[in-house]
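Q: Here's a structure for you.
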Amino acid sequence: MVMLVRSGIFSALIVSLLLALPPMSYSASSSDGAPDNGIIKVKSVYSFGETVARLKADISSKGIMFFSAIDQSQLGAGAGITLNPSTLLIFGNPPLGIQFLTSNPDSGLDWPVRLLVRKDRDGQVWAVYTDFGWIARRHGISDRDAQFKMASAVIASITSSVASKR
C-alpha cells in the first residue's frame, strides 16, 4: 500500500473507481457541498449485518489497515441500555493519515478513520463519517489538500460498496 500511495497509482485507481460509481444518497449539506456539522450519511441498500460485512470487505480489498469494530449496541446492552444496531469501524492508511498529524498533532482526534454503521428507528441502515474537508478546517490544516482529497476519495469509494446493489 505504501508503494501504491507514493507512486500515484493508488490515486489514479481511486479516481477511476469514483468515475464508475453510481450516485449516492447523502444527508443535507451547506452551500459549499460540505455538511454544516461535518457529518456525511450514506444510505445503505443492505441489511445492517451485510452493510458491516461489505464495508469491512471493501476496506480489506483496498489493502487498508483495519483496526477495530466496536459493537456499540452490545456495549449498551451490557449497561442495560437498548440501542438500535450500531457498530463503529476504525481503519486507516498510516502513510496517508499520519501526514495530517504532522500538520497538527491534535488532528489525531480524528485519525484513524471512523465509520459508523447504524440502523435508525425506521429500520434504514446508514454509513456515517466525518467529512475530511471539515476535519481539515477543524484543525486548521491547509498544507495537505491533496492528501485530504485522496482520503475523501477513498471513503467515498468504500461507502459506495453499500450505496447500491452490485
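Q: Which pairs have Cβ atoms under 6 Å, sit 6 or more apart or on different chains, and link a residue in segment 148-160 that is within 17 Å of Thr51 (Cα to Cα) to one that is of a type in the set (Gly, Ala, Ser)?
A: Going by the 6 Å Cβ cut-off, the qualifying pairs are Thr159/Ala127.
Q: Also, I was wondering about something else. Return the residues of segment 99-141 that are over 20 Å from Phe66 (Cα atoms) and in contact with a helix residue (DSSP H, G or I) (Cβ under 7 Å, 6 or more places away or on another chain); say none if nothing qualifies. Explain how you work it out, then say what you get.
A: Here is the first cut: in segment 99-141, the residues over 20 Å from Phe66 (Cα atoms) are 102-106, 119-125, 133-141.
Listed by number, the residues that qualify are Lys119, Val125, Gly133, Ile135, Ala136, His139, Ile141.
Q: Where in segment 61-163 are there helices (runs of 4 or more DSSP H), lying fully within it, with 3 or more residues that are within 17 Å of Lys41 (Cβ to Cβ) and in contact with a Phe, Trp or Tyr (Cβ under 7 Å, 6 or more places away or on another chain)? Steps first, answer last, please.
A: Details: elements: 72-78, 94-103, 132-138, 145-163.
Where helices (runs of 4 or more DSSP H) fall fully within segment 61-163 and carry at least 3 residues being within 17 Å of Lys41 (Cβ to Cβ) and in contact with a Phe, Trp or Tyr (Cβ under 7 Å, 6 or more places away or on another chain), they are 145-163.
Q: Follow-up. Go through segment 36-60 and report how many residues are more than 21 Å from Arg121 (Cβ to Cβ) and part of a loop (DSSP other than H, G, I, E, B).
A: Within segment 36-60, the first condition is being more than 21 Å from Arg121 (Cβ to Cβ), and the residues that meet it are 36, 38, 53-60.
Applying the additional criterion that residues be part of a loop (DSSP other than H, G, I, E, B) yields 36, 38.
Going through segment 36-60 one residue at a time, the tally reaches 2.
Q: Further, regarding this structure: Just checking, does segment 70-85 include any residue being more than 17 Å from the chain's Cα centre (by Cα), over 28 Å from Ser152 (Cα atoms) and surrounded by 14 or more Cβ atoms within 10 Å (Cβ to Cβ)?
A: Scanning segment 70-85 turns up at least one residue that is more than 17 Å from the chain's Cα centre (by Cα), over 28 Å from Ser152 (Cα atoms) and surrounded by 14 or more Cβ atoms within 10 Å (Cβ to Cβ).
Each row is one residue, and each column tells you yes or no for (1) modelled with pLDDT of 95 or more; (2) surrounded by 14 or more Cβ atoms within 10 Å (Cβ to Cβ).
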{"residue": "Leu13", "(1), (2)": "no, yes"}
{"residue": "Leu18", "(1), (2)": "no, yes"}
{"residue": "Gly33", "(1), (2)": "no, no"}
{"residue": "Ser44", "(1), (2)": "yes, yes"}
{"residue": "Asp58", "(1), (2)": "yes, yes"}
{"residue": "Asn93", "(1), (2)": "no, yes"}
{"residue": "Gln99", "(1), (2)": "no, yes"}
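Q: Name the pairs whose Cβ atoms lie under 7 Å apart, with the first residue in segment 73-91 and closer than 13 Å to Arg118 by Cα, the second part of a loop (DSSP other than H, G, I, E, B) and hydrophobic (A, V, I, L, M, F, W, C), and 6 or more positions between them or separate chains?
A: Ser73/Leu83
Q: Step by step: first the residues of segment 137-150, then only those that are modelled with pLDDT under 95 and aliphatic (A, V, I, L, M), then the one that is surrounded by the fewest Cβ atoms within 10 Å (Cβ to Cβ). Which residue is that?
A: Per the stated criteria, the residue is Ala146.
Q: For Ile64, which of the numbered conditions (1) within 16 Å of the chain's Cα centre (by Cα); (2) under 24 Å from Asp36 (Cβ atoms) fails to hold?
A: Condition (2) is where Ile64 drops out.
The values are calculated or read from the model by the stated rules, or taken from the named source; none is laboratory data. Not measured: the values here are computed from a predicted model. With ideal geometry, Cβ positions are generated from the backbone for all residues, glycine too; neighbour counts draw on all protein chains shown.
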